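This report concerns only the one structure given below.
The values are calculated or read from the model by the stated rules, or taken from the named source; none is laboratory data. What you see is a predicted model; the values in this text were computed from it and never measured. Positions of Cβ are backbone-derived with ideal geometry, glycine not excepted, and every protein chain shown enters the neighbour counts. Accessible surface is based on the protein model in full, side chains and every heavy atom, while ligands, DNA and RNA are left aside. Shrake-Rupley method; radii C 1.70, N 1.55, O 1.52, S 1.80 Å.
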Amino acid sequence: MTARSRNDWTAIPDWPACVWQEFVHTLTGQQIGNGISRQVYEHATDPTLVIKVEMTAMTFQNVREWQTWDALKDTKYAKWLAPCVLIGHSGNVLIQKRTQPIPAGKEPKRLPEWLTDHKRDNYGLYEGRIVCHDYGTNLLLNHGAFGAKMREAKWR
């Protein structure tokens, strides 16, 4: 048997279901969140990460989140986002830096206008600042990141 490169996944579809289940259960810890199309799990071996699994076809929230992070990671707007670390080839699995809950009353008064869902559960603390960790739906394509306006946040 020869060693495979990280990008050579040709034999994996032949794995029996029990191997897939064990593989997933080995990497994912406790489920810590869920939304309309995704479930979020603790990373079993790295408490600084979460694993987001897209459960609904054709929503592409993981892909949108990855693309948003990739476009903004080297700009001043990255400070508003929890960093993405790795995405699977199909986009169904995304690994992201984990945030901590925002203390009550510490929500920012203003946010970039392209961050749309101001639900407290979508934000957290990362490296001492408040970031969005659920930005799989955003208006970046509509507004563009550069020169983006700030607007009053309407927290719910």
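When you look at Arg156, is it open to solvent by 40 Å² or more (accessible area, probe 1.4 Å), part of a strand (DSSP E or B) and farther than 29 Å from Leu27 by Cα, yes or no? So Arg156 does not fit the description; no. The combined condition, being closer than 21 Å to Gln39 by Cβ, open to solvent by less than 70 Å² (accessible area, probe 1.4 Å), in a loop (DSSP other than H, G, I, E, B) and not charged (D, E, K, R), is not fulfilled by Gly105.
Suppose we keep only residues that are among the aromatic types (Phe, Trp, Tyr) and within 13 Å of Pro112 (Cβ to Cβ) within region 66-85. Which one would you say is modelled with the lowest pLDDT?
So the residue we want is Tyr77.
Where strands (runs of 3 or more DSSP E) fall wholly inside region 29-95, the ranges with 3 or more residues that are crowded, with 16+ Cβ neighbours inside 10 Å and in contact (Cβ under 8 Å) with a residue 24 or more places away in the chain are 38-43, 49-54.
Does Leu111 fit the bill of being buried (at least 19 other Cβ atoms within 10 Å of the Cβ), in contact (Cβ under 8 Å) with a residue 12 or more places away in the chain and under 20 Å from Lys154 (Cβ atoms)? It is true that Leu111 is buried (at least 19 other Cβ atoms within 10 Å of the Cβ), in contact (Cβ under 8 Å) with a residue 12 or more places away in the chain and under 20 Å from Lys154 (Cβ atoms). Just to be sure before I move on: is Asp117 part of a loop (DSSP other than H, G, I, E, B), surrounded by 13 or more Cβ atoms within 10 Å (Cβ to Cβ) and modelled with pLDDT of 95 or more in the structure I sent? For Asp117, the condition - part of a loop (DSSP other than H, G, I, E, B), surrounded by 13 or more Cβ atoms within 10 Å (Cβ to Cβ) and modelled with pLDDT of 95 or more - is not met. Residues that are polar (S, T, N, Q) and in contact (Cβ under 8 Å) with a residue 24 or more places away in the chain: does region 142-155 have at least one? Yes, the conditions are met somewhere in region 142-155.
With the structure loaded, tell me whether Val131 is of a type in the set (A, V, I, L, M) and open to solvent by 60 Å² or more (accessible area, probe 1.4 Å) or whether it fails that test. Considered against the rule, which asks whether it is of a type in the set (A, V, I, L, M) and open to solvent by 60 Å² or more (accessible area, probe 1.4 Å), Val131 comes out as no.
In region 6-25, the count of residues that are modelled with pLDDT of 90 or more, touching a His at 6+ places or on another chain (Cβ under 9 Å) and open to solvent by 50 Å² or more (accessible area, probe 1.4 Å) is zero.
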